[in-house]
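Chemist: I'd like to ask some things about the structure below.
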Amino acid sequence: MEFSRRNFIKFVAGGAAGTMLSPLPWKLIDDIAIWTQNWSWVPVPAKGRFSTEHTVCTLCPGGCGIEVKKIGERVVKIHGGEGFPVNNGAICPLGAAGQQILYNEGIRWQTPMKRVGSRGSKKWEEISWSRAIEEIASKINSLRDKGTPEKLAAIDGNFSRSTLALLIKRFVNAIGSPNYITTPSEEDTYSMAFQIMQGNKGPVAFDLENADFILSFGCGLLDGWGAPGRMSNAWAYWSADKHAKPYIVQVEPRLSNTASKANMWLAPYPGTESALALGIAHVIIREGLYNKEFAEDYAFGFQNWVDEEEKKHKGFSTIVMEKYTPQAVQKITGIDSKEIINLAKKFATASRPIALAGRGKGILPGSLYDFMSIHSLNALVGRINKKGGVLVPDELPLAQWPDIEYDSVAADSVAKERIDKAGRGQYPFAESLINKFAQAVNDGSSVVETLLIFSSNPAYNTPNNTDFIKALDKIPFIVSFSPFIDETSLFADLILPDHTHLEKMMDTAWPAGLQYPVYTLSRPVIKPLYHTRHSGDVIVSLAKKIGGSVARSFIWDDFEHALKDRVKGLYESGRGEISSNKEVSPWKNLNAAHLSKKTYTSFDSMWEELRGIGCWFEPEHSFGNWSNIFHTKTKKFEFFSTDIDDSLKGYAGKRPVQDILATLGISSSGDEVNMPHYEKKGAKGEREDNGIVFLPFEIINLASGWVGNPPFLNKTLFESQLKRDDIFAEINPKTASQYGLKEGSRITVRSSKGEIRVRVHIFDGARPGIIFVPAGLGHTAYDKYLKGKGANPYTIIDGTEDPLTGQPVWWDTRVEILKI
């Protein structure tokens with residue numbers, strides 16, 4: 001196979017001959033190896049036989065199994081894990097590039113470091129681990145001695161439900177701080193939507209492989225969404241059997257890889273997805289195509305109703321019929337009413353349809369009302385907890401740790417209001433708000449004296465990241481646990497570098513979007529190259545150094561023992577299995593009673609098997625049950641959310657709820673406020689006389705999260721995306737003509753937050769009135785292969801905030817274009 005950008009993109013996109021649907025073609029990687037052989041840090045392995053180590057990739061929450069090929073102790077190649085339940089041999093480009101993350105000495109902190117110059121001076125001195133731990137423990141004990149442990153905060157990018165995330169949160173809480181902040185993601189919004197409508201916050205589970213119609217509102221199914229290896233296998237299965245392939249509709253304003261492979265692509269104005277979903281709902285209700293059993297017996301608020309005080313309320317069906325006719329929705333979204341009607345009928349008459357909400361890879365959160373509106377389609381057609389639908393699973397049976405022991409200082413402080421205001425007042429559904437954290441520090445309403453940062457780079461990839469950078473300047477003591485010389489770590493006072501993913505043990509509790517219970521465990525396949533330590537071990541050491549009740553809350557010798565304590569719950573449940581069989585697709589027989597294939601007889605033998613294979617799973621689900629799966633106030637699926645109703649009344653106090661809606665940024669009124677609906681704000685629907693809209697987008701061969709893009713993935717980018725150090729923005733020919741732009745034109749894109757310089761790529765797949773810029777470039781840190789290439793779109797994001805969750809809404813930034 002000739003190596004070229006075009007061939008590689010065909011490969012990762014599942015193009016001709018069903019490429020990306022199978023493990024990487026290693027000839028391609030060999031070609032890349034030739035291209036990279038002159039880099040000074042590229043290791044040259046000794047001659048010898050290959051050995052294979054089995055582990056799990058933890059570069060994203062996908063939990064894909066990988067096979068690491070070694071010669072001696074050198075990693076030389078990474079394959080997808082054959083027979084691994086999640087991905088069965090498939091692998092994404094970032095996972096395949098893992099050895100470059102391991103061996104690139106130019107991007108890694110190699111030992112603990114202490115800043116000796118001013119921030120930004122890049123002047124550091126080496127420091128011992130014992131001295132570093134002593135210094136942090138002293139700072140924390142000083143806060144506790146002053147009775148202000150809440151002035152400690154931590155920002156954590158580790159996967160939700162993972163042992164390391166829970167350990168870090170436990171550490172922060174045991175000290176006495178409520179300020180454990182997580183980086184935002186699509187999962188946050190889904191979790192809140194499920195809590196509001198279903199009364200549960202369990203894992204997000206989509207039975208996509210068994211669906212026959214997928215209506216995706218922005219989810220990049222072939223662009224890195226969910227578990228990329230899982231989606232690769234799904235597409236391979238669909239391509240191999242035309243009778244199994246679902247009808248796929250992709251809704252997003254740009255012709256993405258996923259949209260180009262879909263059966264239908266609709267490009268609405270950004271931010272109007274909820275209106276489109278409700279326009280589809282209108283047709284389904286009008287035509288009587290909804291599931292009457294579910295709507296009438298297992299849902300609350302579908303029909304008009306009367307409350308205990310004899311007050312009449314409009315039902316979801318009434319509001320949808322009144323406000324969301326296809327003609328009205330056409331004016332909002334720009335989608336022809338005939339297409340809306342056609343799509344609604346196709347969706348509702350499919351045997352196993354499913355509707356998905358999201359955007360790109362799922363790294364960033366969405367609008368809660370949007371997610372509720374889209375999820376209401378699943379409820380309308382009775383596709384909740386059905387084969388091929390949205391499943392409602394229980395949590396994994398992992399064991400719980402003992403309760404934290406709080407001393408009097410910690411007990412008082414941990415109950416205080418969080419810096420980011422999450423979980424109370426205006427934002428009762430949010431668990432963490434990193435943007436509100438930055439605002440509070442910047443406006444002086446809260447003081448943070450010590451900040452710990454784990455597995456995240458918010459100074460780079462947080463929307464409105466300029467606000468976060470300003471906040472960092474106001475925090476006197478910052479500790480980074482990053483293994484990478486990333487933008488955020490350069491603001492730190494101490495660096496306590498973690499291992500990379502191939503050097504340490506990590507777990508993933510239920511990979512993103514998978515439809516059956518899975519617990520994956522990675523293990524180190526190589527000894528640490530540098531003087532780094534597992535952040536989990538450092539947390540345990542810090543707790544013991546701090547002493548007192550904090551130390552007593554950490555009963556383990558190290559991270560592995562804390563993790564093993566949780567895994568005991570899997571063993572004690574008597575459920576699931578640990579096995580590897582590439583001939584079996586676990587999702588094919590989920591509705592059958594699962595016959596466990598356990599080969600272990602004790603926890604110790606189970607642990608050894610889990611370490612070797614890396615995956616415990618239980619391919620079983622009880623489909624069709626609606627009677628006891630909803631844990632809302634009404635014990636039903638709620639079209640009318642009693643949680644939203646109660647929270648707004650609580651926040652309003654003695655004032656009428658209607659009086660506070662405008663201050664919250666909610667334009668609707670009455671019963672509609674508590675239901676899925678379309679909120680008019682920002683960039684929605686007012687294109688012609690209100691500037692051009694700016695949108696970042698994500699592609700599978702460009703890392704856009706915490707980890708920087710490995711060098712050989714930059715090689716795979718088209719010259720219309722990155723040429724030398726210039727990044728390209730995609731603009732529709734009509735819009736380009738209006739601004740007098742041509743292919744390759746150099747422009748400045750300016751918002752109220754700042755400006756970036758880009759070149760123009762004229763692209764018919766870009767919706768008019770919008771400028772699209774790829775996310776993942778424009779770094780100011782790392783090494784010469786990444787630093788200074790392109791521009792970072794997050795630096796000029798100036799979105800509003802979701803009125804119910806407080807999360808940044810990043811699709812309504814208005815910009816001006818200046819020709820250079």
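The values are calculated or read from the model by the stated rules, or taken from the named source; none is laboratory data. Everything numeric here is computed off the predicted structure, so don't read it as measured data. Cβ placement follows ideal geometry from the backbone for every residue including glycine, while neighbour counts extend to all protein chains displayed. Remember, those area values only see protein heavy atoms, side chains included, never the ligands or the DNA or RNA. Shrake-Rupley method; radii C 1.70, N 1.55, O 1.52, S 1.80 Å.
Chemist: Using alpha carbon centroids, what distance separates the stretch 307-324 and the stretch 361-409, in Å?
Modeler: Here the two parts' Cα centres lie 27 Å apart.
Chemist: So, taking all protein chains as they sit and a 1.4 Å probe, how much accessible area belongs to Asp725, in Å² rounded to tens?
Modeler: 80 Å²
Chemist: What dipole magnitude, in Debye to the nearest 20, does the stretch 204-392 give about its Cα centre under +1 on Lys/Arg Cβ and -1 on Asp/Glu Cβ? Walk me through the intermediate numbers first.
Modeler: Working: 21 positive and 19 negative charges, 120 e Å.
Dipole of the stretch 204-392, to the nearest 20 debye: 580 debye.
Chemist: Right, another one. Using only protein heavy atoms and a 1.4 Å probe, report how much of Lys346 is accessible, in Å² to the nearest 10.
Modeler: 80 Å²
Chemist: What is the chain's relative contact order, in percent, from Cα pairs under 8 angstrom and six or more apart in sequence?
Modeler: For the chain, the relative contact order is 18 percent.
Chemist: Quick one: ranking Phe300, Phe712 by accessible area, 1.4 Å probe, largest first, what do you get?
Modeler: Phe300, Phe712
Chemist: How big is the antiparallel share of DSSP beta bridges in the chain, given as a percent to the nearest 5? Could you put the intermediate results ahead of the total?
Modeler: On the way: 50 of 91 bridges.
Among the beta bridges of the chain, antiparallel pairing accounts for roughly 55 percent.
Chemist: Roughly speaking, what is the stretch gain from Thr663 to Asp212, that is 0.36 nm per residue apart minus the C-alpha to C-alpha distance, in nm to one decimal?
Modeler: Details: separation 451, 0.36 × 451 = 162.36 nm, distance 4.30 nm.
Here the segment from Thr663 to Asp212 would lengthen by 158.1 nm.
Chemist: Could you tell me the center-to-center distance, by alpha carbons, between the stretch 529-550 and the stretch 159-233 in angstrom?
Modeler: Between the Cα centre of the stretch 529-550 and that of the stretch 159-233, the gap is 27 Å.
Chemist: If you work out Cα Rg over 2.2 N^0.38 Å from the coordinates, which of (i) 1.25; (ii) 0.91; (iii) 1.19 do you get?
Modeler: (ii)
Chemist: Here is a follow-up. What is the spin-label model distance, in nm, from Glu719 to Asn342 if the labels are put 7 Å beyond Cα along the C-beta direction?
Modeler: Computed distance between label sites Glu719 and Asn342 equals 3.8 nm.
Chemist: Restricting to DSSP H runs of at least four residues, report the calculated mean residue ellipticity at 222 nm for the chain, -39500 (n - 2.57) per run over all residues, nearest 500 deg cm²/dmol.
Modeler: Value at 222 nm, helices only: -9000 deg cm²/dmol.
Chemist: Looking at the stretch 687-819, what % of its DSSP beta bridges pair antiparallel, to the nearest 5? Let's see the in-between values first.
Modeler: Details: 18 of 28 bridges.
Within the stretch 687-819, antiparallel bridges account for around 65 percent of the total.
Chemist: Right, something else. What dipole magnitude, in Debye to the nearest 20, does the stretch 696-820 give about its Cα centre under +1 on Lys/Arg Cβ and -1 on Asp/Glu Cβ?
Modeler: In total the dipole reaches around 520 debye.
Chemist: Next question. Only four residue types carry charge here, +1 at the Cβ of Lys and Arg and -1 at the Cβ of Asp and Glu. Report the dipole size of the chain about the Cα centre in Debye, rounded to the nearest 20.
Modeler: That gives the chain a dipole magnitude of about 1780 debye.
Chemist: Please compute the contact order of the stretch 102-217 in relative form: average sequence separation of alpha-carbon pairs under 8 Å and at least six residues apart, divided by the residue count, as a percent.
Modeler: Relative contact order, the stretch 102-217: 14 percent.
Chemist: Quick one: what do you get for the stretch 687-819 if you divide its Cα Rg by 2.2 N^0.38 Å?
Modeler: Numbers: Rg = 14.7 Å, N = 133, 2.2 N^0.38 = 14.1 Å.
Dividing the Cα Rg of the stretch 687-819 by 2.2 N^0.38 Å gives 1.04.
Chemist: Let me ask another. Can you tell me the relative contact order of the stretch 687-819? Whole percent, Cα pairs under 8 Å, sequence separation 6 or more.
Modeler: On the way: 284 pairs, mean separation 44.8, N = 133.
About 34 percent, as a whole number.
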